[in-house]
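In what follows, a single structure is set out as structure tokens and then discussed.
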Number of protein chains: 2
Amino acid sequence: MDLSRTIAAVATPTGTGALAIIRISGKMAFENISHCLFSPEKFLKAETGKIFLHKFKKSGTEQVIDEVTVIKYREPYSYTGENMVEIFCHGGPYIVRSIIRELNASGIDGAQKGEFTRRAFLNGKMDLTKAEAVKSVIECKNEIENRIAISALDGEQRRRLENWKEEIIKVLIQIETEIEFEEDHDVITEKTGKTKILDLIAIIKDDLKKRGKIKEIEGGFRIVIAGPANAGKSTLFNQMIGYQRALTHKEPGTTRDWISEKWYLEGNEIILIDTAGIRETDNEVERAGIDRSLQEIGRANITIWVTSADEELSTEEIKSIKDLSDKNSIFLINKTDLNKNENKENLFNTEGIPVYKTSLTRDKDIQNITEEINSRINRIKNTIEFPDIISSVRQESIARDILDVLIESIENWGRAEIAAHYLNKSLEYIEEIIGKKDNEEVLNRIFEGFCIGK
Amino acid sequence: MDLSRTIAAVATPTGTGALAIIRISGKMAFENISHCLFSPEKFLKAETGKIFLHKFKKSGTEQVIDEVTVIKYREPYSYTGENMVEIFCHGGPYIVRSIIRELNASGIDGAQKGEFTRRAFLNGKMDLTKAEAVKSVIECKNEIENRIAISALDGEQRRRLENWKEEIIKVLIQIETEIEFEEDHDVITEKTGKTKILDLIAIIKDDLKKRGKIKEIEGGFRIVIAGPANAGKSTLFNQMIGYQRALTHKEPGTTRDWISEKWYLEGNEIILIDTAGIRETDNEVERAGIDRSLQEIGRANITIWVTSADEELSTEEIKSIKDLSDKNSIFLINKTDLNKNENKENLFNTEGIPVYKTSLTRDKDIQNITEEINSRINRIKNTIEFPDIISSVRQESIARDILDVLIESIENWGRAEIAAHYLNKSLEYIEEIIGKKDNEEVLNRIFEGFCIGK
């Protein structure tokens, strides 16, 4: 990575908006840009961190492309740690394209994905956990992911890892002292050291478990609407998302394949899934659809089981309901305007399963279901525990390596040199999470997942 | 429009990017936002126009949603002329949504389309020509539209209109003096006044003509690829846009309907159109496609006529070529690798029409054609003249009204009172272009075409 280049990229999403931001970073950023401004002296003399109005022009001409505002940041007091400029221009594609073109013509290169953050890392402005957190903050879909990302962005994770390093180093010093002065072998310090390492092992094991839970909701809460055919599932789906996405019809078996849409509840992104109705059928296509319904129920964070008041309970359905009642499920007896099915209600009452009686054309019912979903989501949120040191797939994989070598060190505790070898190895892995600047391949892998302009 | 509300909106395009901007405007902007920041005092005391790092949190909690930078602007030194804040947050949809949610919870309303600019207008920060220019800058697609919009944004248009007003008022004063002191009737000043008005009439007529030319390229230059069937038109189209968009086949008549793609040349947006090959056919679908090809040629700013070296010239084609040679057209004899058709070349030579001999698999040919297109576009650009006072459809329509009343005033020049009536009317129309604050309906129409956040 050639840090002597000055780089530029649009930092806001593509498309048309009121404003866009173009970021420039590099030693020569100020000089390069000044050719494109109507008042280069005003720009070069301007106070840093302060916003000023400028006319951005075609360099070498007096032709103004846009009236922009500009902020200068002097190294090392910038995001990348280099001289940086942020240009706030009108958010039209022609404007953004033309400004980038002029910057390129003035000797500024296009930035690669994540190059700003990568430079921040290489210039010591942030460690790798924080760099990864930047990406996680941008990509988070719900409060849980947001909180994990923000905590890593705040450096919480790095501070813990630094502590771990210190503790492991202390243990290593103990062990190495023991190796050198074997006669002074002190059983008490040995135990303390071993306990420390066992503590770390316990924390990693715990983190991996916590991480498993979090992965279940990563990318959005999955809410699956399921139940027998023709119970009103697609109607519920459409009502929730607010428009006629799923085809509805009085014919049972109308929905053949699952359909999903994004839905937002208190800011959280939810993947709402409508599935094919479950029933005995000889039709192969429908059967395949039902298999996929069952798969979706298996992956759901919350299942909404919709059954119709005007149909009898099958043995199969009773089994499904009992299975689901142990999981995070909401039960609706729908179409209560058509029929009062005491049987169905009785089953739920006998089993002690709470059930909503609904008629899905009523707004009140949708409101109640939404509130119920919200309280279920809050319940899931409250069961989530935040890992101490793991907040990404990459970190999870390294954490497993740390776990392995720490276990090895414990298993070889009696053979001090071998234990020390493994503890040293664990330090290397921790360094890897925090980030080594010379590992080009790892850095490429991390930063190519970023967006341009970050 | 209730100016006492504090409003907020995301100002950058929707989607995922490195950064997003959220704008807030209104009397209570500072106080309202401070509840969402970790260090409200630091924020409230901060210097205006300077960027500071803040933690944006869920109000009433300590839960950080994002690390953001914030700029405060104190009225009247802001875009809207009100207290304003710009929040630069990470550009993820969850982050943007959550910040807007918290702002709403803190008593800030969602902004309507164009409400920031509308407030700027209502607070006297800009006239209506400038407000409209903001929209034009965002929407411009090429250098011409950009230059017109920037000139209006710079206030050029308003200054001219103010001059017009002054001149018309001077003429009116003359006329009214004449009405009062009819005996002092001064033929010389009468002539001067009339000449002034005639000058303005000439300018408007000229503007309307210029406007007609500009409309031809509004929304992007239209380049149409046309010619006989199986000449390689779709191959050229695909080569230009850089991927296989159009189906190509050695079978003549492969392209049945026109296809268009955006293409960019030196920053200008071009609508590149591939059309059905023109030939005698009994097939109705193909015939309909050919009719549409002819329509597209009619609307083109530049036509590229592609003909094949291995086919003879039909009388029809000779006619098409002669017709097009008067317009902005580029001619290619393609497939010269297959055949050297002296006949075709001779026709072009005899008629003195420049022609490219190409084999469209060669990069060099594409490069030459691109350069030729670029020089044609520059030629179009150079013929464009910029109107003095008209830069939008709304203004064009009012300009026609001004023209009408000025002509009426001239026609009634002898009857001073009537002439004065029409001149007064023209002043009202000019006021309408610059913008009257009490015309809710006109303002609604203008600002509802804006994006949210502008």
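The values are calculated or read from the model by the stated rules, or taken from the named source; none is laboratory data. Being a predicted model, the structure only gives us computed values, none of them experimental. Don't worry about glycine lacking a Cβ; one is built from the backbone with ideal geometry, like all the others, and counts go over all protein chains shown. In case anyone asks, the SASA skips ligands and DNA or RNA and just uses the protein heavy atoms, side chains included. Shrake-Rupley method; radii C 1.70, N 1.55, O 1.52, S 1.80 Å.
The set of residues in segment B:38-60 being among the acidic types (Asp, Glu) and either within 14 Å of chain A (Cβ to nearest Cβ) or open to solvent by less than 60 Å² (accessible area, probe 1.4 Å) (or both) consists of B:GLU47 alone. Is it the case that some residue within segment A:437-447 is more than 30 Å from A:PHE221 (Cβ to Cβ), assigned to a helix (DSSP H, G or I) and at pLDDT 95 or above? So far as segment A:437-447 goes, no, none of its residues is more than 30 Å from A:PHE221 (Cβ to Cβ), assigned to a helix (DSSP H, G or I) and at pLDDT 95 or above. Here B:SER4 qualifies as open to solvent by 40 Å² or more (accessible area, probe 1.4 Å), within 34 Å of the chain's Cα centre (by Cα) and either touching a residue at least 40 places away in the same chain (Cβ under 8 Å) or within 30 Å of B:GLU440 (Cα to Cα) (or both). The set of residues from segment A:89-114 being open to solvent by less than 50 Å² (accessible area, probe 1.4 Å) and touching a strand residue (DSSP E or B) at 6+ places or on another chain (Cβ under 6 Å) comprises A:CYS89, A:HIS90, A:GLY91, A:ILE95, A:VAL96, A:SER98, A:ILE99, A:LEU103, A:ILE108, A:ALA111.
Residue-wise test of (1) over 30 Å from B:LYS57 (Cβ atoms); (2) modelled with pLDDT of 95 or more; (3) in contact with a strand residue (DSSP E or B) (Cβ under 6 Å, 6 or more places away or on another chain).
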{"residue": "A:ASN142", "(1), (2), (3)": "no, no, yes"}
{"residue": "A:GLU145", "(1), (2), (3)": "no, no, no"}
{"residue": "A:GLU180", "(1), (2), (3)": "yes, no, no"}
{"residue": "A:ILE188", "(1), (2), (3)": "yes, no, no"}
{"residue": "A:LEU198", "(1), (2), (3)": "yes, yes, no"}
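Checking each residue in segment A:414-454 for being more than 29 Å from A:ARG119 (Cβ to Cβ) and open to solvent by 60 Å² or more (accessible area, probe 1.4 Å) picks out A:GLY414, A:ARG415, A:GLU417, A:HIS421, A:ASN424, A:LYS425. If you check B:GLU82, B:GLU86, which single one turns out to be open to solvent by less than 40 Å² (accessible area, probe 1.4 Å) and away from chain A (no Cβ under 14 Å)? Going through B:GLU82, B:GLU86 in turn, just one is open to solvent by less than 40 Å² (accessible area, probe 1.4 Å) and away from chain A (no Cβ under 14 Å): B:GLU82. Applying a threshold of 7 Å to beta carbon distances and a minimum spacing of six or more residues, or different chains, the list of pairs starting in segment B:155-172 at a residue that is farther than 10 Å from B:LEU427 by Cα and part of a helix (DSSP H, G or I) and ending at one that is of a type in the set (A, V, I, L, M) and open to solvent by 10 Å² or more (accessible area, probe 1.4 Å) reads B:ARG158/B:ILE434. Taking the criterion of being at the interface with chain B (Cβ under 7 Å from one of its Cβ atoms) and open to solvent by 30 Å² or more (accessible area, probe 1.4 Å), the residues of segment A:132-146 that qualify are A:GLU139, A:LYS141. The residue list B:THR129, B:THR117 contains one member that is more than 14 Å from chain A (Cβ to nearest Cβ) and assigned to a helix (DSSP H, G or I), which is B:THR129. Considered as a group, the residues in segment B:132-154 that are outside any loop (DSSP other than H, G, I, E, B) and of a type in the set (D, E, K, R) include one that is nearest to B:TRP263 (Cα to Cα), and that residue is B:GLU143.
Tell me, yes or no, whether segment B:20-37 has at least one residue that is within 14 Å of chain A (Cβ to nearest Cβ) and more than 15 Å from B:VAL85 (Cβ to Cβ). First the steps, then the outcome.
Initially, segment B:20-37 is screened for residues within 14 Å of chain A (Cβ to nearest Cβ), giving B:20-25, B:36.
Next cut, more than 15 Å from B:VAL85 (Cβ to Cβ) only: none.
No, the conditions are met nowhere in segment B:20-37.
When A:GLY15 is tested against (1) in contact with a Phe, Trp or Tyr (Cβ under 7 Å, 6 or more places away or on another chain); (2) touching a residue at least 24 places away in the same chain (Cβ under 8 Å), just one condition goes unmet, and that condition is (1).
Okay, residues lined up against (1) among the hydrophobic types (A, V, I, L, M, F, W, C); (2) touching a strand residue (DSSP E or B) at 6+ places or on another chain (Cβ under 8 Å); (3) at pLDDT 90 or above:
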{"site": "B:ASN412", "(1), (2), (3)": "no, no, yes"}
{"site": "B:ALA420", "(1), (2), (3)": "yes, no, yes"}
{"site": "B:GLU432", "(1), (2), (3)": "no, no, yes"}
{"site": "B:GLY453", "(1), (2), (3)": "no, yes, no"}
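Go through the residues of segment A:34-46 one by one and say whether even a single one is within 37 Å of the chain's Cα centre (by Cα) and not hydrophobic (A, V, I, L, M, F, W, C). The answer is no, given that none of the residues of segment A:34-46 is within 37 Å of the chain's Cα centre (by Cα) and not hydrophobic (A, V, I, L, M, F, W, C). Within the set of pairs 6 or more residues apart or between chains, which connect a residue that is without any contact (Cβ under 8 Å) to a residue 60 or more places away in the chain inside segment A:423-446 to a residue that is acidic (Asp, Glu) with Cβ atoms less than 6 Å apart? Once the first residue is without any contact (Cβ under 8 Å) to a residue 60 or more places away in the chain and sits in segment A:423-446, its partners that are acidic (Asp, Glu) give A:TYR429/A:ASP401. Would you confirm whether any residue within segment A:352-362 is part of a helix (DSSP H, G or I), of a type in the set (Ser, Thr, Tyr) and within 30 Å of A:GLN239 (Cα to Cα)? No: segment A:352-362 contains no residue that is part of a helix (DSSP H, G or I), of a type in the set (Ser, Thr, Tyr) and within 30 Å of A:GLN239 (Cα to Cα). Please tell me if A:GLU156 is surrounded by fewer than 18 Cβ atoms within 10 Å (Cβ to Cβ) and either of a type outside the set (Ser, Thr, Tyr) or at pLDDT below 95 (or both). No, not satisfied.
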